[in-house]
Amino acid sequence: MPTFNPRWLRTLEERKTVDDLMGRLDTHGVSRRDFLALASAGVAASTWAATMGLPSVAVAAPNGKLAFLSAFLANEYNVILNKAFEKATGDLGFSYVGLDSQFDSQRQLNQFEQQVAAGSQSVIFNLADGSAIKGASRIAGDSKVYIGNVWDSLPWFTPFEANDYYTLYAVPEEFDAHRAVTSELLKAVTAKFGGGNIIGVTGTNGNLTDRQRSAGRDAAFKDYPKTRLVDQLPGKWNREDALKATEDLLTRNPNVVGIVAQNDDVGQGVIAALNAAGLRPGEDVLVVAADGTSLGAKAIAAGTQLATSGNSPAYAAALFAARIYDVTHGWQPRASERLLNWRSLTITKDNVGGYIERYVDNGGIEPFDYRRVSKVLYPDSWDPQAEIFPLDIDKAWAGIPKPEGWTYPKAYLDAKTNGEWEAVTQEYRDHYKIRFDGPSPNKKA
């Protein structure tokens, strides 16, 4: 049996050799560009070895199907995310479907089972109910379908308690982000009104993101003693429910000077309720929110909203689509890469113009290079295009009791004690070249 010689890879520079090799291998659906990128990552090398009779791994054609199962497509954040997933998966060679569970966790699990039966290669969840992740990860392991999860989850349940097919749980770091936008509000109302009463229009009770944002919001008040949170009601992450909640809160609290909305869709409902009550948003009552949606950014530019935390809905599509591409092409994440945070921007009138140019009114220019996030396609020059760092579960789930008998996963603890955690943080920092707060990498000079 011949011995594999790395010098054979030099012939990958010859078009005729590559075409002949692709014809001999089962590479249906793999483009020449993807094949050569995989070769640089080492995957095609093992395939070449297979032609010599050596042990090998298969090249996975980048033409599988990715499904995004949204908790609800009724708000702008999920609409933007759905469109970004469609673009990102197209750039990476996947077929795609986005489905709406209408905030029904059982419907969402049924949709997942239907997608598995239909041959989907991977599924990304925005869960209607965080507790559903256990059942979803069990189905994923049994079916060998990769899954990822953004936003809501079951506290203290990690990919390590599931299986390798639950490849990623990732969210923006919410405590610091919502504390920052709340601080913008409290600073402004202290300067404008000398302080005063603040109300909160939250998401849904018990939702993990809602808890994290509320904790960040509440922490901000410590630095502004002339302000106080006097009341709150859930806006359920959408404009209509937020409008009704704000109307009730204004009736109960007539002397409000500021409102903290839990996302920009809720912020739109808050602004509509203020207008209906004859109050001028941005003048009589100041409003902040979160997520950096199109309408949120435009409200800041118009002066009706003071600030938002710009995590860019499209970034979740960039991160998760690239992760699915990589794991389905032989790459294996380290423990510290299976739980991730990314850093949001604090968007105010001072920087909203650049944000709108890249993320909102961008003339169809995508805000991210979706292929460049992939470590398989760009093994040396991959770029996360955001500040990424390992998620600290003690911070993410602070204040939530651990289940009886729960212990920290060994892989998670090992990563925090053997230097991997710091190494991964530094590696992502070193590869972060395309700035989240700069122009789109797709914009021509």
*Of all residues in the stretch 121-140 being open to solvent by 20 Å² or more (accessible area, probe 1.4 Å) and not in a loop (DSSP other than H, G, I, E, B), which is nearest to Leu391 (Cα to Cα)?*
Lys134
_Test: Glu161 is under 14 Å from Ser309 (Cβ atoms) and charged (D, E, K, R)_ = no
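Which of the residues spanning the stretch 357-371 are under 17 Å from the mean Cα position of the chain (by Cα) and in a helix (DSSP H, G or I)?
Residues of the stretch 357-371 that are under 17 Å from the mean Cα position of the chain (by Cα), as a first pass: 359, 366-371.
The answer is Tyr359, Arg371.
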*Among the candidates Lys222, Lys187, Lys226, which residue alone is of a type in the set (D, E, K, R), under 20 Å from Ile300 (Cα atoms) and at pLDDT 95 or above?*
Lys187
*From the list Gly354, Gly330, Gly296, which one is under 23 Å from Gln385 (Cβ atoms), open to solvent by 20 Å² or more (accessible area, probe 1.4 Å), modelled with pLDDT of 95 or more and not in a loop (DSSP other than H, G, I, E, B)?*
Gly354
*How many residues are surrounded by fewer than 24 Cβ atoms within 10 Å (Cβ to Cβ) and within 16 Å of the chain's Cα centre (by Cα) if we restrict to the stretch 372-387?*
2
*Name, by its number, the condition in (1) open to solvent by less than 20 Å² (accessible area, probe 1.4 Å); (2) β-branched (Val, Ile, Thr); (3) closer than 29 Å to Val79 by Cβ that does not hold for Ile365.*
(1)
*Exactly one of (1) modelled with pLDDT under 95; (2) in a helix (DSSP H, G or I); (3) aromatic (Phe, Trp, Tyr) is unmet by Phe72. Its number?*
(2)
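Restricting attention to the stretch 81-90, does a residue exist that is in a helix (DSSP H, G or I), out of contact with any strand residue (DSSP E or B) (no Cβ under 8 Å at 6 or more places or on another chain) and open to solvent by less than 20 Å² (accessible area, probe 1.4 Å)? If you could, list the steps in order and put the result at the bottom.
Narrowing the stretch 81-90 to residues in a helix (DSSP H, G or I): 81-90.
Add one more test, that the residue is out of contact with any strand residue (DSSP E or B) (no Cβ under 8 Å at 6 or more places or on another chain), and what stays is 83-84, 87-88.
Narrowing further to those that are open to solvent by less than 20 Å² (accessible area, probe 1.4 Å): 84, 88.
Yes, there is a match, as at least one residue in the stretch 81-90 is in a helix (DSSP H, G or I), out of contact with any strand residue (DSSP E or B) (no Cβ under 8 Å at 6 or more places or on another chain) and open to solvent by less than 20 Å² (accessible area, probe 1.4 Å).
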*Where residues in the stretch 141-162 are in a loop (DSSP other than H, G, I, E, B) and open to solvent by 40 Å² or more (accessible area, probe 1.4 Å), which of them is farthest from Gly405 (Cα to Cα)?*
Lys144
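So, of the residues in the stretch 390-445 that are of a type in the set (Asp, Glu), open to solvent by 70 Å² or more (accessible area, probe 1.4 Å) and not in a helix (DSSP H, G or I), which turns out to be nearest to Glu173 (Cα to Cα)?
Filtering the stretch 390-445 down to residues of a type in the set (Asp, Glu) leaves 392, 394, 404, 414, 420, 422, 427, 430, 437.
Now narrow it down to the ones that are open to solvent by 70 Å² or more (accessible area, probe 1.4 Å): 404, 422, 430, 437.
Pick out the ones that are also not in a helix (DSSP H, G or I) and you get 404, 437.
Values: Glu404: 27, Asp437: 16 Å.
Per the criteria, the residue is Asp437.
Would you confirm whether or not the stretch 269-282 contains a residue that is part of a loop (DSSP other than H, G, I, E, B) and in contact with a strand residue (DSSP E or B) (Cβ under 7 Å, 6 or more places away or on another chain)? Give the derivation first.
Let us first name the residues in the stretch 269-282 that are part of a loop (DSSP other than H, G, I, E, B), namely 277-280, 282.
Those still in the list that are in contact with a strand residue (DSSP E or B) (Cβ under 7 Å, 6 or more places away or on another chain) too: 279.
Yes, the stretch 269-282 has at least one match.
Out of Pro409, Pro403, Pro384, Pro390, which single residue is touching a residue at least 60 places away in the same chain (Cβ under 8 Å) and under 23 Å from Ala321 (Cα atoms)? So that I can check it myself, show each step before the final result.
On the way: Pro409 fails: under 23 Å from Ala321 (Cα atoms); Pro403 fails: under 23 Å from Ala321 (Cα atoms); Pro390 fails: touching a residue at least 60 places away in the same chain (Cβ under 8 Å).
The match here is Pro384.
Return yes when Glu337 is open to solvent by less than 10 Å² (accessible area, probe 1.4 Å), within 25 Å of Ala88 (Cβ to Cβ), at pLDDT 95 or above and of a type in the set (Asp, Glu) and no when it is not. It would help to see each step written out before you state the result.
On the way: open to solvent by less than 10 Å² (accessible area, probe 1.4 Å): yes; within 25 Å of Ala88 (Cβ to Cβ): yes; at pLDDT 95 or above: yes; of a type in the set (Asp, Glu): yes.
Answer is yes for this residue.
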*Do we find that Leu229 is of a type in the set (A, V, I, L, M) and more than 25 Å from Phe103 (Cα to Cα) in this structure?*
yes
*Matching entry among Asp142, Asp176 (being of a type in the set (D, E, K, R) and in contact with a Gly (Cβ under 7 Å, 6 or more places away or on another chain))*: Asp176
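Kindly indicate which of Leu340, Leu319 is assigned to a helix (DSSP H, G or I), closer than 23 Å to Tyr370 by Cβ and within 13 Å of the chain's Cα centre (by Cα). Walk me through how you get there before you give the answer.
Numbers: Leu340 fails: assigned to a helix (DSSP H, G or I).
Just a single option satisfies the conditions, and that option is Leu319.
The values are calculated or read from the model by the stated rules, or taken from the named source; none is laboratory data. Note that the structure is predicted; figures quoted are calculated from it, not measured. No Cβ is skipped: glycine too gets one built from the backbone with ideal geometry, and neighbour counts run over all protein chains shown. Only protein heavy atoms, including side chains, enter the accessible area calculation; ligands, DNA and RNA are left aside. Shrake-Rupley method; radii C 1.70, N 1.55, O 1.52, S 1.80 Å.
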